[in-house]
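For reference, the structure discussed in these notes is given below.
The values are calculated or read from the model by the stated rules, or taken from the named source; none is laboratory data. It should be emphasised that the depicted structure is a prediction, and the values quoted were computed from it without experimental measurement. Backbone-built Cβ (ideal geometry, glycine too); neighbour counts: all protein chains shown. We work out accessible area using only protein heavy atoms, side chains counted, and drop any ligands, DNA or RNA first. Shrake-Rupley method; radii C 1.70, N 1.55, O 1.52, S 1.80 Å.
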Amino acid sequence: MDLSRFVKAYDVRGVVGVELTVGVARALGGAFATLLLGEAGGETGDPGERLSVVIAHDMRDSSPELSSAFADGVTAAGVDVVMAGLGSTDMLYFASGHLGLPGAMFTASHNPARYNGIKLCRAGAVPISLATGLDRMRDDAQAVLDGAAQLPRAATPGTVSERNVLAEYADYLRTLVDLTGIRPLHVVVDAGNGMAGYTVPEVFQGLPLQVDPLYFELDGTFPNHEANPLEPANLVDLQAEVRRVGADIGLAFDGDADRCFVVDERGEPVSPSAVTALVATRELARKPGSTILYNLITSRVVPEMVTEAGGTAVRTRVGHSFIKAEMARTGAVFGGEHSAHYYFEDFFRADTGMLAAMHVLAALGAAQVPLSELAAGYSRYAASGEINSEVADVPGRIAAVHDWAQAHDATTDDMDGITVQLPDGSWFNVRPSNTEPLLRLNVEAATEPAMAQLRDEILALLRS
């Protein structure tokens with residue numbers, strides 16, 4: 001078993017029973033406890049102040065068994081466990097921040113049913129990546145699996161307790177965005193058989209919202225469609241239902257409900273960049289002059305509107321560990337990614353699709369116009385969305401993009417892949433995948449025809 005194959009940059013994600021087994025989960029639990037004990041200045045078996053870890057899991061069939069095995073590894077090493085049971089990823093982040101405990105969330109997010117995974121954080125929902133401890137966990141667990149080391153065992157094992165934090169999570173969100181005074185809204189929510197089917201009823205209970213549920217039954221086999229609303233095909237049912245019932249808005253969550261996508265009353269998708277700009281202006285109205293983060297594939301409408309609202313816009317790399325670290329460094333109140341991850345200072349600098357959805361509902365509920373008209377104020381440019389190209393020579397294609405940019409009198413930067421800014425204001429970014437021989441292209445221009453022309457030219461270059 002080679003853990004390096006599926007211990008990724010920011011989490012663990014693999015095929016259940018092949019890569020992610022009960023034994024792997026138990027070994028990783030022991031390694032997590034060892035990491036935490038070392039950082040606390042203790043040793044396995046040290047009878048000093050007890051450490052605890054909070055663990056939650058999604059609705060996949062394998063999640064209860066894998067999370068229980070992970071807990072066995074944690075407690076064997078002398079660290080206590082708080083089992084939060086079923087939950088969304090942002091509910092686990094809430095538990096980590098609210099309880100002041102490191103956390104482990106068992107989910108493979110939007111991936112198919114045969115996968116599962118683990119997202120880890122330190123106390124306060126601080127992320128753990130390969131660069132900040134996941135590499136040590138991987139190596140310690142690998143040694144146990146290879147027989148080169150024993151699973152850590154303390155003289156006094158840790159204890160296991162249970163705590164359901166769903167109601168506390170919902171109450172906390174409602175303190176951050178007050179929806180009680182908005183005009184009544186008709187909302188269709190597609191949970192994709194994922195964890196939003198568990199969290200949405202609790203969060204929206206008692207609010208002036210008529211909620212029509214789609215696929216709220218928790219089912220890790222995803223019988224209706226993949227729980228990945230980033231793919232247009234997975235929005236089709238939501239779009240049709242919004243149109244059919246004449247709803248004001250549609251919300252689609254991914255499998256672990258940490259991302260939320262929005263469609264308007266016509267069933268048309270609202271760009272995550274527009275959502276980022278909307279939430280940013282709301283946060284700036286609450287905290288004038290604050291810093292807002294946006295990743296480099298987000299529309300330039302975001303920094304423009306942040307600046308116009310008196311805030312400071314800071315550009316970041318793609319990825320939650322970069323954004324959370326930059327939030328801590330800059331004191332940013334909010335950060336948004338074009339993948340529909342939204343980060344809030346008041347939510348322990350963690351990402352939560354639910355809170356972003358509540359901001360959109362608050363803005364719509366305070367307006368006397370439909371969502372399409374409201375969102376149009378936050379959409380100024382034409383974007384391609386992310387397009388993947390499988391290539392044999394990634395460095396060679398990146399070099400070809402550099403040459404193209406130089407020939408077109410464009411400026412470039414290498415913050416994450418290569419971003420090319422053209423003299424007319426159009427831009428594109430090409431980023432390599434961390435795990436596959438893919439290049440990811442995002443293009444934006446002033447008009448749809450200009451965007452399409454640039455998109456097709458760069459795709460031809462990447463795929464030649």
Fill in: residue 266 over 22 Å from residue 129 (Cβ atoms) and assigned to a loop (DSSP other than H, G, I, E, B)
yes
Fill in: Residues satisfying the stated conditions in region 410-428, i.e. in contact (Cβ under 8 Å) with a residue 12 or more places away in the chain, in a strand (DSSP E or B) and closer than 16 Å to residue 301 by Cα
427, 428
Worksheet item: Among the residues of region 58-92 satisfying the criterion of being assigned to a helix (DSSP H, G or I) and open to solvent by 10 Å² or more (accessible area, probe 1.4 Å), which is farthest from residue 152 (Cα to Cα)?
Response: 64
Worksheet entry | Residue that is least open to solvent (accessible area, probe 1.4 Å), among those in region 100-147 that are part of a loop (DSSP other than H, G, I, E, B) and of a type in the set (D, E, K, R) | 146
Worksheet item: Among the residues of region 429-457, which ones are crowded, with 21+ Cβ neighbours inside 10 Å and either touching a Leu at 6+ places or on another chain (Cβ under 6 Å) or in a strand (DSSP E or B) (or both)?
Response: 429, 430, 431, 439, 441, 442, 443, 444, 445
Worksheet item: Is it the case that some residue within region 365-372 is assigned to a helix (DSSP H, G or I), open to solvent by 10 Å² or more (accessible area, probe 1.4 Å) and out of contact with any His (no Cβ under 9 Å at 6 or more places or on another chain)?
Response: yes
Practice prompt. Would you check which residues across region 148-178 are in contact (Cβ under 8 Å) with a residue 12 or more places away in the chain, closer than 19 Å to residue 85 by Cα and open to solvent by 30 Å² or more (accessible area, probe 1.4 Å) and list them?
Written response: 159, 160, 161, 162, 163, 164, 167, 168, 172
Worksheet item: If residue 27 passes every condition in (1) within 25 Å of the chain's Cα centre (by Cα); (2) surrounded by 23 or more Cβ atoms within 10 Å (Cβ to Cβ); (3) assigned to a helix (DSSP H, G or I) but one, which one does it miss?
Response: (1)
Worksheet item: Is there any pair linking a residue in region 335-355 that is more than 14 Å from residue 93 (Cα to Cα) to one that is among the aromatic types (Phe, Trp, Tyr) and open to solvent by 10 Å² or more (accessible area, probe 1.4 Å), with Cβ under 6 Å and at least six apart or on different chains, and which?
Response: 336/294; 340/261
Fill in: Lone qualifier among 219, 237 - being under 21 Å from the mean Cα position of the chain (by Cα) and at pLDDT 95 or above
219
Fill in: Single residue of 206, 192, 197, 181 found to be open to solvent by 10 Å² or more (accessible area, probe 1.4 Å) and within 21 Å of the chain's Cα centre (by Cα)
197
Worksheet item: Can we say residue 203 is part of a helix (DSSP H, G or I), touching a residue at least 40 places away in the same chain (Cβ under 8 Å) and in contact with a Lys or Arg (Cβ under 8 Å, 6 or more places away or on another chain)?
Response: yes
Item to complete: Please verify whether region 352-364 includes one or more residues that are more than 17 Å from residue 251 (Cα to Cα) and either over 22 Å from the mean Cα position of the chain (by Cα) or surrounded by 20 or more Cβ atoms within 10 Å (Cβ to Cβ) (or both).
Response: no
